[in-house]
Amino acid sequence: MLVEQVLTKQTRSTNEKEGANIQRRTFVGGALAALLSSSVGVMADDEHGPNDPFIVLLHGIYHPVPIGQGPAGNLGLTTVNLSDGSFSKTRIYPIYGVDGAHDRKKAIGTFYPQVTLANGKITFNGLNCAYDLPGGAIVMQFLPPPAGAPAGFNSFVPFSDGAGGYYLEGTFELDIQEATGIYQDFQGGHNHMVDRLHQLADGNFNEFCFCNISTYQFP
C-alpha cells in the first residue's frame, strides 16, 4: 500500500476531511493522554513477569532488515523468518506492566513489522509482525477491517504536518500467533494498537504507536 494511494482515496470535500481529521486527532490524543497519565504505569517488573494487559510504545525511525541480517536465532520463533528481507524495525519502549516500566526513556526491545517503509511509500510484504521483548518474543498478525468499518479502523487517515510530510493515524487489531518465554500465556491473545505514524518530508517514517497487549480478545 502506498501513502500516495491512501491520499488519492480521500475524495471527500475539504470540510469533511477536516472534520474527520479533528475527530481522529481528538480520539488518538485522548487515548494517548489517558495512557500516559496512568498513575500505575510502573507496575510489574522482571521478577513478576508481564501484567495482563501490558502496554508498550513503538517509537523511532524505521529501518529495513536486510536479507540474512535478522536477529540471532530468529528470536526462537517458528512462524516468521525475520531475515527474509520483508521486515523493517524500530524500537520498543515500556509504558505499563512490563519489565523496564520504571524507566520509560530506555528502549527495551525491537519491533519488526512485515513492511517496507522508505521514500514516502509503505509496502506491505505480509500481515505479520514480531516483538523482541525482555524474557521472550511475540508474533502477531494484522486483522482486516470489517465490512463498513469507519475511516481509521485498521487503516490510516492522513493529514498534513504542515512541513511537507503527513501524519497517518488509525487503530489496528492484531491476533497473537506465537509467544515465547514469559509471554507464552499471551498466545491466542490480542493487541489493540493506537497509531500515529509520521511520514517525514525526507521520505522516512517515524513511528509513535501504543500497543495494548492482552491474553483476551479486544471487545
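Does region 121-132 include one or more residues that are closer than 22 Å to PHE87 by Cα, touching an Asp or Glu at 6+ places or on another chain (Cβ under 8 Å) and hydrophobic (A, V, I, L, M, F, W, C)? I'd like the intermediate steps shown before the answer.
Our first condition is that a residue be closer than 22 Å to PHE87 by Cα; within region 121-132, this holds for 121-132.
Add one more test, that the residue is touching an Asp or Glu at 6+ places or on another chain (Cβ under 8 Å), and what stays is 121.
If we keep only those that are hydrophobic (A, V, I, L, M, F, W, C) too, we end up with none.
Among the residues of region 121-132, not one is closer than 22 Å to PHE87 by Cα, touching an Asp or Glu at 6+ places or on another chain (Cβ under 8 Å) and hydrophobic (A, V, I, L, M, F, W, C), which makes the answer no.
For region 48-66, what are the residues that are in a loop (DSSP other than H, G, I, E, B) and under 23 Å from GLY120 (Cβ atoms)? Talk me through it step by step, then tell me what you get.
If we filter region 48-66 for residues that are in a loop (DSSP other than H, G, I, E, B), which is where we start, we get 48-53, 65-66.
Result: VAL65, PRO66.
For region 142-174, residues that are surrounded by fewer than 16 Cβ atoms within 10 Å (Cβ to Cβ) and out of contact with any Asp or Glu (no Cβ under 6 Å at 6 or more places or on another chain) total 12. Among all residues of region 88-109, there is at least one that is of a type in the set (Lys, Arg), out of contact with any Cys (no Cβ under 9 Å at 6 or more places or on another chain), closer than 21 Å to SER214 by Cβ and at pLDDT below 95.
The values are calculated or read from the model by the stated rules, or taken from the named source; none is laboratory data. For clarity, every value in this text was computed on a predicted model and none was experimentally measured. Cβ sites come from the backbone with ideal geometry, for glycine too, and all protein chains shown count toward neighbours.
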